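The values are calculated or read from the model by the stated rules, or taken from the named source; none is laboratory data. These figures come from a predicted structure and were not determined experimentally. Methodologically, a virtual Cβ is constructed for each residue, glycine included, from the backbone with ideal geometry; neighbour enumeration extends over all protein chains shown. The accessibility values were calculated without ligands, DNA or RNA, using every heavy atom of the protein model including side chains. Shrake-Rupley method; radii C 1.70, N 1.55, O 1.52, S 1.80 Å.
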Amino acid sequence: MRVCVLAHCKPPMTKLNCDRLRLQPAAVGVPVKVHRTLEGLLTAVRACRACDAHLPLGPRPVLQAGATTRILIVGQAPGAKVHASGVPWDDRSGERLRDWMGIGAKTFYDEARVAILPMGYCYPGRAASGDLPPRRECAELWLDGLLARLPRIELTLLIGQYAQAHFLRGAGHASVTATTRDWRAHAPRIIPLPHPSPRNVAWFKAIPWFDDELLPVVRRNARKLVYG
């Protein structure tokens, strides 16, 4: 069964907007217990060992969510530092992301205000350049159920290629640069962003509209939802 991330959004919502955010079907043949509460589901996710054999440092799902949160951050997967600390975005990329949003760490890590659901919940290991892609089992097993228990989301930040490819695959997603440039087509409920990694500093400097046009909108909307 497919579940739309906008299933709990306030009307009006067009079919086009809904179709843009359709999720992948759950993994076939994998028994998943039905959890009545978000807390119960989060406990199950954090105990997940589905990818144990494929994870070089072992499973340690890193995510946060609360039923009252109004902001959802979807990234790719924890890096080695986040795996070690168990704290999402606990690195230089997270510092830049919080600056983009105009909020401090205390607010960022308040699960009642900010949900953090990467496409992969565990560190996937290193590739020749950077980390491996997030493992698909996380989205297949857990994402639909988590999103269904976050009924108050008003702003979703899709960070990087994996989040954008998954959530916007019906909306002409071609590349992070093209999708981010076309952010107005998805705003205000969804804003695509590049990964805030130090590796992307050259990209930030080469794209003046990112600082001049997009980040003020991200900061204003995020601050309104957590402080307003």
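Pairing residues of the stretch 65-84 that are in contact (Cβ under 8 Å) with a residue 12 or more places away in the chain and within 18 Å of Ala187 (Cα to Cα) with residues that are open to solvent by 50 Å² or more (accessible area, probe 1.4 Å) and outside any helix (DSSP H, G or I), at Cβ distances under 8 Å and at least 6 apart in sequence or on separate chains, gives Arg70/Arg113; Arg70/Arg152; Arg70/Glu154; Ile71/Arg113; Ile71/Glu154.
A Cβ distance below 8 Å, combined with a sequence gap of six or more or placement on separate chains, defines the contacts here; from the stretch 35-56, residues that are within 13 Å of Leu141 (Cβ to Cβ) reach residues that are surrounded by 14 or more Cβ atoms within 10 Å (Cβ to Cβ) and basic (Lys, Arg) in the pairs Leu41/Arg149; Cys51/Arg135. Only residues that are closer than 26 Å to Arg152 by Cβ and either in a helix (DSSP H, G or I) or modelled with pLDDT under 95 (or both) were counted in the stretch 187-228, giving 15. For the stretch 77-90, the set of residues classified as over 16 Å from the mean Cα position of the chain (by Cα) and crowded, with 18+ Cβ neighbours inside 10 Å consists of His83 only. Looking only at residues in the stretch 164-185 that are in a loop (DSSP other than H, G, I, E, B) and open to solvent by 20 Å² or more (accessible area, probe 1.4 Å), the one that is farthest from Leu132 (Cα to Cα) is Asp182.
The set of residues in the stretch 146-163 that are buried (at least 18 other Cβ atoms within 10 Å of the Cβ), small (Gly, Ala, Ser) and within 11 Å of Leu38 (Cβ to Cβ) is empty. Would it be correct to say that Gly120 is among the small types (Gly, Ala, Ser), modelled with pLDDT of 95 or more, within 11 Å of the chain's Cα centre (by Cα) and more than 18 Å from Pro61 (Cβ to Cβ)? So Gly120 does not fit the description; no. Of the residues in the stretch 134-144, none is touching a strand residue (DSSP E or B) at 6+ places or on another chain (Cβ under 8 Å), of a type outside the set (Lys, Arg) and outside any loop (DSSP other than H, G, I, E, B). Here Glu154 meets the list (1) closer than 19 Å to Arg70 by Cβ; (2) more than 17 Å from the chain's Cα centre (by Cα); (3) among the charged types (D, E, K, R) almost entirely, failing just condition (2). Among residues of the stretch 210-225 that are acidic (Asp, Glu), those with a beta-carbon under 8 Å from a residue that is surrounded by 14 or more Cβ atoms within 10 Å (Cβ to Cβ) at least six positions away or on a different chain give the pairs Asp211/Phe204.
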